[in-house]
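Before I ask anything, here is the structure I am working with.
The values are calculated or read from the model by the stated rules, or taken from the named source; none is laboratory data. Worth saying up front: this structure is predicted, and the values here are computed from it rather than measured. Every residue, glycine as well, gets a Cβ built from its backbone with ideal geometry; the counts of neighbours run over all protein chains shown.
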Amino acid sequence: MKICIFGAGAIGGYMGVKLAQAGADVSLVARGPHLAAMQANGLTLHENDKAPVTVPVTASDDPAALGVQDYVIVTLKAHSVPPVVTRMTPLIGADTTIVSGVNGVPWWYFHKHGGAFEGTRLASVDPGDAQWNGFGPDRVLGCVVYPAAEVTRPGVITHIEGNRFSLGEPDGTKSDRALALSRALAAAGLKAPVRPRIRDEIWVKLWGNLSFNPISALTHATLEVLCTDPGTRAVARGMMREAQEIAEKLGVKFPIDVERRIDGGAAVGAHRTSMWQDLDAGRPMEIDALVGAVQELGRLTDTPTPTLDTVLALVALRGRVAGLYH
């Protein structure tokens, strides 16, 4: 089984080290100083209280050098994927599976969804249908990424928490390809359950991302602060309730309520969200997949989203002023 991780930053690098340690045939696509460090010195993982581990890895910025893969695990940010679809072509053969480990509403959301919206394409996350036409939705296996990790310096990953990568077919079946990847990830010490309702998990994670991320980028408040301050907690609650109404119209079932989800965010403590980190670091902000796509789904389902619309307008302008969102 050949596995390529496309976008081997923090999460992709963490997964890559674990797979390489287990003896998997894994390669990584990266760029810049991080790639150079991996090629020269291998990839190092700091994990909890364990001694740091360094493993040699096959890494390149040229997908053609890696050849056709059984699985291509995409761990880029959502806005970074459409521009590189054509670059990924050398990795894709007749039986290659694209594993979508990207935050937010996935571009394939309505593939094999059933009902009135079957086959609907989402411009906010797949402009020009680049992925729908370039990959083809039949190749896709859903993945909800739970670990937190950071690239602390080029070639070095620090794992913070979590080791679960939930997998799920768009049609809810436990396919051979999903079960085979689940076994490979489990052999690497990762949790990889195959879920029959992967969209439910997508929404529970998205619930926090669509609210906590933009609020923190606007206020520079950590999760602990924005989830306990009465004003920002109310804003997050409003956004999450609007999102829940949309999701339930699409058949999603939430296993917890809004207040428990916000309390879970508060329990994380003094954490800076990824959108705030991107703003501070001058990196493009992941606004469309986390917030804009939810607004698009609101329009599609005739669901008013006044709180979300307001926060989206503010964070989009903040991103444009900083030159990090277009």
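What's the number of the condition THR310 fails, among (1) within 21 Å of the chain's Cα centre (by Cα); (2) of a type in the set (Ser, Thr, Tyr); (3) farther than 24 Å from GLU201 by Cβ?
If we test THR310 against (1) within 21 Å of the chain's Cα centre (by Cα); (2) of a type in the set (Ser, Thr, Tyr); (3) farther than 24 Å from GLU201 by Cβ, just (1) comes out false.
I need the full set of residues from the range 10-46 which are outside any helix (DSSP H, G or I) and among the basic types (Lys, Arg), in order please.
ARG31
A further question follows. Taking CYS227 and the conditions (1) in a helix (DSSP H, G or I); (2) surrounded by fewer than 19 Cβ atoms within 10 Å (Cβ to Cβ); (3) not acidic (Asp, Glu), which numbered condition does it fall short on, given that it satisfies the others?
Only one criterion is unmet by CYS227, namely (2).
Answer yes or no: is there a residue in the range 18-31 that is of a type in the set (D, E, K, R), closer than 26 Å to ARG183 by Cα and at pLDDT 95 or above. Spell out how you get there, then give the answer.
Pass one, the range 18-31, residues of a type in the set (D, E, K, R): 18, 25, 31.
Within this subset, residues satisfying the condition of being closer than 26 Å to ARG183 by Cα are 18, 25.
Keeping just the survivors that are at pLDDT 95 or above gives 18, 25.
Checked the range 18-31: at least one residue is of a type in the set (D, E, K, R), closer than 26 Å to ARG183 by Cα and at pLDDT 95 or above.
Right, here's the next one. Give the range 47-74 a look and list any residue that's in a strand (DSSP E or B) and closer than 26 Å to LEU167 by Cβ, or say none.
GLU47, VAL53, VAL55, THR58, ALA59, SER60, GLN69, ASP70, TYR71, VAL72, ILE73, VAL74
Considering only the range 173-186, I want to know if a residue exists there that is crowded, with 21+ Cβ neighbours inside 10 Å, in contact with a helix residue (DSSP H, G or I) (Cβ under 7 Å, 6 or more places away or on another chain) and among the hydrophobic types (A, V, I, L, M, F, W, C).
no
Name the residue that is surrounded by the fewest Cβ atoms within 10 Å (Cβ to Cβ), counting only residues in the range 75-98 that are among the aliphatic types (A, V, I, L, M) and touching a helix residue (DSSP H, G or I) at 6+ places or on another chain (Cβ under 7 Å).
Ranking the candidates gives VAL85 first.
Something else now. Restricting attention to the range 152-172, and to residues there that are within 25 Å of PRO82 (Cα to Cα) and touching a strand residue (DSSP E or B) at 6+ places or on another chain (Cβ under 6 Å), which single residue is surrounded by the fewest Cβ atoms within 10 Å (Cβ to Cβ)?
SER166
Oh, and also: What pairs come out if I take residues in the range 2-26 that are in contact (Cβ under 8 Å) with a residue 60 or more places away in the chain and buried (at least 21 other Cβ atoms within 10 Å of the Cβ) and pair them with residues that are basic (Lys, Arg) and part of a loop (DSSP other than H, G, I, E, B) whose C-beta lies under 9 Å away, six or more apart or interchain?
Pairs found: GLY7/LYS77.
Name, by its number, the condition in (1) out of contact with any Gly (no Cβ under 6 Å at 6 or more places or on another chain); (2) at pLDDT 95 or above; (3) not hydrophobic (A, V, I, L, M, F, W, C) that does not hold for HIS79.
(2)
Condition first: surrounded by 19 or more Cβ atoms within 10 Å (Cβ to Cβ) and more than 19 Å from VAL291 (Cα to Cα). Now tell me which residues in the range 196-222 satisfy that.
Answer for the range 196-222, where residues must be surrounded by 19 or more Cβ atoms within 10 Å (Cβ to Cβ) and more than 19 Å from VAL291 (Cα to Cα): just ILE198.
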